[in-house]
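Have a look at the structure below, then the notes.
The values are calculated or read from the model by the stated rules, or taken from the named source; none is laboratory data. Note that the coordinates shown come from a computational prediction; the quantities given were computed from them, not determined experimentally. Here the Cβ is made from the backbone with ideal geometry for all residues, glycine too, and neighbour counts use every protein chain on show.
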Amino acid sequence: MHQLPKLPYDYRSLEPVIDAKTMEIHHTKHHGGYVDKLNAALEGHHDLLTMSVENLLANLDQVPAEIQLAVRNNGGGHANHSLFWTSLQGNGPQEPSEKLMSAFKQFFGGFDNFKNEFTQHALNRFGSGWAWLVANPDNQLLVLSTPNQDSPIMDGLKPILGLDVWEHAYYLQYQNRRPEYVENWWQIVNWAEVEKRLE
């Protein structure tokens, strides 16, 4: 059975960038809902229940057709949010390490170029979805966007950093002001966690 992970901080920790009520609803209702629906879809499929959500998404073609969409949507929602929570911290803005800065320079021409490209993917995602920093099988870093709860894992990519641009992630505080939410989000990125994933 898949379980809703506990957050590594309390709901107030990310204020004023993300308010406590949004965090509570997002974590318990939205992420919790994905976990519940994923477990319901996998009921009776004992071989699949023992697989990690990442393995399920990486091997979606082996999931029975009748539950494949439910696993894609809810498994993706579970995996995406599990990574999202640990990508955040409330201790004030951090700076990426020299190692990360070097990687940004190598693949994007510098941190500012990376940040601009990532921001554009977040702002240009029509409707609901995610912006991502990912590593491909050749360990090259790429920025991309996925719709809905689709995970880069489904395409053989490793998520390093993800930003949720579904309206439920920001609407109580920012209403329709996605650009403001995205701009402020950079203040709470947990760069130490990003570097761990990169390694």
Residue 142 fails exactly one of the following numbered conditions: (1) out of contact with any helix residue (DSSP H, G or I) (no Cβ under 7 Å at 6 or more places or on another chain); (2) surrounded by 15 or more Cβ atoms within 10 Å (Cβ to Cβ); (3) in a helix (DSSP H, G or I); (4) not basic (Lys, Arg). What is the number of that condition? (3)
For the stretch 114-131, which positions are surrounded by 14 or more Cβ atoms within 10 Å (Cβ to Cβ), assigned to a helix (DSSP H, G or I) and not hydroxyl-bearing (Ser, Thr, Tyr)? 114, 115, 117, 118, 120, 121, 122, 123
Considering only the stretch 13-49, how many residues are among the aliphatic types (A, V, I, L, M), touching a residue at least 24 places away in the same chain (Cβ under 8 Å) and within 22 Å of residue 186 (Cβ to Cβ)? 3
Which one of these is under 20 Å from residue 168 (Cβ atoms) and polar (S, T, N, Q): 50, 86? 86
Can you tell me which of (1) modelled with pLDDT of 95 or more; (2) in a loop (DSSP other than H, G, I, E, B) is the one residue 44 doesn't meet? (1)
Cβ pairs under 8 Å, 6+ apart, first in the stretch 83-106 and touching a residue at least 24 places away in the same chain (Cβ under 8 Å), second among the polar types (S, T, N, Q) and assigned to a loop (DSSP other than H, G, I, E, B): 86/190; 87/190; 88/190; 89/13; 89/190; 90/13; 94/190
Hand me the list of helices (runs of 4 or more DSSP H) wholly inside the stretch 61-111 holding 2 or more residues that are under 22 Å from residue 143 (Cα atoms) and of a type in the set (A, V, I, L, M, F, W, C). 76-86, 98-108
The stretch 172-199, residues that are of a type in the set (Asp, Glu) and in a helix (DSSP H, G or I): 180, 183, 193, 195
Per-region count, the stretch 168-179, residues closer than 21 Å to residue 116 by Cα and exposed (fewer than 15 other Cβ atoms within 10 Å of the Cβ): 3
Hey, among 165, 182, 134, which residue is more than 18 Å from residue 26 (Cβ to Cβ), at pLDDT 95 or above, in contact with a helix residue (DSSP H, G or I) (Cβ under 8 Å, 6 or more places away or on another chain) and crowded, with 17+ Cβ neighbours inside 10 Å? 134
